[in-house]
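Contents: one structure, followed by commentary.
The values are calculated or read from the model by the stated rules, or taken from the named source; none is laboratory data. Just so you know, these numbers come straight off a predicted model, no measurement behind them. Note: ideal-geometry Cβ built from the backbone for every residue, glycine included; neighbour counts use all protein chains shown. Side chains are part of the model used for accessible areas, which takes the heavy atoms of the whole protein and leaves out ligands, DNA and RNA. Shrake-Rupley method; radii C 1.70, N 1.55, O 1.52, S 1.80 Å.
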Amino acid sequence: MIVDDNEIDRLTALAHARQYPTLDVVGMFESPTDALASLQHRAVDVLLLDVDMPGLSGLELRAQLMQVPVCVFITAYPDYAADSFAVDALDYLLKPIRADRFRHTVSRVEQFFELKRKAQLFDLSLGADTIFIKDGHRQIKLNLHEVIYLEGLKDYTRIVTTTQPYTVLSSIGNLLQNEPFQSFLRIHRSYAVQRHYIDRIDAQQVHVRQFTLPVGRSYRSVFRQDLHD
């Protein structure tokens, strides 16, 4: 569903979305209030929302629609980016939309739903230094020291190891409360890293192996303090 008070921007988002068979646009709304009323009677998987709209802002609308799995904000204002992740935005696009940037967003949306599907197959149990992930009838053993970082995906957590990623049906917050994960450094509401994999720290990013991860504004001082403890 697309919600934007500017007609040209709505049609632009629609034109981009129509390039991808995985996206089926079921509604477009100028008014956030009308979109909210419509969503009382239908379920959608993805919201494409403008931020600055009359009545309800896109952020306020998303806050009332947290049951929708994926939200992508499309806006002319970069200043709302940090606030967007407080309402579980999957991505944040700046207008005018570039085709390559929209393609990247669609890839992230597809990956999210694929991980969500796969996570239903996994079960997680914890040992002192070991994670056992149940995949069907198999038990996969992961050593904690091989886990590079954790990425929170709403109710799921992506566990990225030195060999491959896995996904478990547990929020990153719940996972970090377990004793084996308490040595991980929380750098963002969606990311936690292992100290010994950190190669470099910039003002707003951490480099771990081949990955570059964001450091959330509210986590910066605590992260740097933990790093030097």
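Return the total of residues in segment 81-103 being under 16 Å from the mean Cα position of the chain (by Cα) and either over 18 Å from Ile2 (Cβ atoms) or among the small types (Gly, Ala, Ser) (or both). Qualifying residue count for the region: 8.
Taking segment 181-229 as the range and being of a type outside the set (Asp, Glu), assigned to a strand (DSSP E or B) and more than 22 Å from the chain's Cα centre (by Cα) as the test, only Arg200 passes. Among residues of segment 51-77 that are touching a residue at least 24 places away in the same chain (Cβ under 8 Å), those with a Cβ under 6 angstrom from a residue that is of a type in the set (Asp, Glu) and open to solvent by 20 Å² or more (accessible area, probe 1.4 Å), sequence gap 6+ or separate chain, pair up as Met53/Asp5; Leu59/Asp83; Pro69/Asp45.
Out of everything in segment 145-154 that is open to solvent by 20 Å² or more (accessible area, probe 1.4 Å) and farther than 27 Å from Cys71 by Cα, what residue ends up being modelled with the highest pLDDT? The residue in question is Glu146. Among the numbered conditions (1) under 26 Å from Arg158 (Cβ atoms); (2) in contact (Cβ under 8 Å) with a residue 12 or more places away in the chain; (3) among the basic types (Lys, Arg), the only one that Arg101 does not meet is (2).
The number of residues in segment 133-154 that are closer than 26 Å to Leu90 by Cβ and either assigned to a loop (DSSP other than H, G, I, E, B) or in contact with a Cys (Cβ under 8 Å, 6 or more places away or on another chain) (or both) comes to 1.
Given the structure, is Val70 aliphatic (A, V, I, L, M) and surrounded by 19 or more Cβ atoms within 10 Å (Cβ to Cβ)?
Considered against the rule, which asks whether it is aliphatic (A, V, I, L, M) and surrounded by 19 or more Cβ atoms within 10 Å (Cβ to Cβ), Val70 comes out as yes.
If you take the residues in segment 78-119 that are in a loop (DSSP other than H, G, I, E, B) and β-branched (Val, Ile, Thr), which one is farthest from Leu47 (Cα to Cα)? The extreme case among them is Ile97.
Condition check ((1) at pLDDT 95 or above; (2) open to solvent by 10 Å² or more (accessible area, probe 1.4 Å); (3) touching a Cys at 6+ places or on another chain (Cβ under 6 Å); (4) β-branched (Val, Ile, Thr)) across all residues:
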{"site": "Arg42", "(1), (2), (3), (4)": "no, yes, no, no"}
{"site": "Val46", "(1), (2), (3), (4)": "yes, yes, no, yes"}
{"site": "Leu56", "(1), (2), (3), (4)": "no, yes, no, no"}
{"site": "Leu61", "(1), (2), (3), (4)": "yes, no, no, no"}
{"site": "Phe85", "(1), (2), (3), (4)": "no, yes, no, no"}
{"site": "Ile97", "(1), (2), (3), (4)": "yes, yes, no, yes"}
{"site": "Phe102", "(1), (2), (3), (4)": "yes, no, no, no"}
{"site": "Ala119", "(1), (2), (3), (4)": "no, no, no, no"}
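Filter segment 204-215 for residues that are open to solvent by less than 70 Å² (accessible area, probe 1.4 Å) and within 20 Å of Ser84 (Cα to Cα) and give the result. Hits for segment 204-215 are Leu213, Pro214, Val215.
Taking the criterion of being part of a helix (DSSP H, G or I) and either open to solvent by 50 Å² or more (accessible area, probe 1.4 Å) or more than 27 Å from Val70 (Cα to Cα) (or both), the residues of segment 155-180 that qualify are Asn174, Glu179, Pro180.
Report, by residue number, each residue of segment 181-203 that is modelled with pLDDT of 85 or more and open to solvent by 40 Å² or more (accessible area, probe 1.4 Å).
Going through segment 181-203, the residues modelled with pLDDT of 85 or more turn out to be 181, 184-201.
Result: Arg186, Arg189, Arg195, His196, Asp199, Arg200, Ile201.
All conditions but one from (1) modelled with pLDDT under 85; (2) part of a strand (DSSP E or B); (3) of a type outside the set (Phe, Trp, Tyr) apply to Ala128; the one that does not is (2). Scanning for something over 19 Å from Asp100 (Cα atoms) and open to solvent by 30 Å² or more (accessible area, probe 1.4 Å), does segment 16-23 turn up at least one residue? No.
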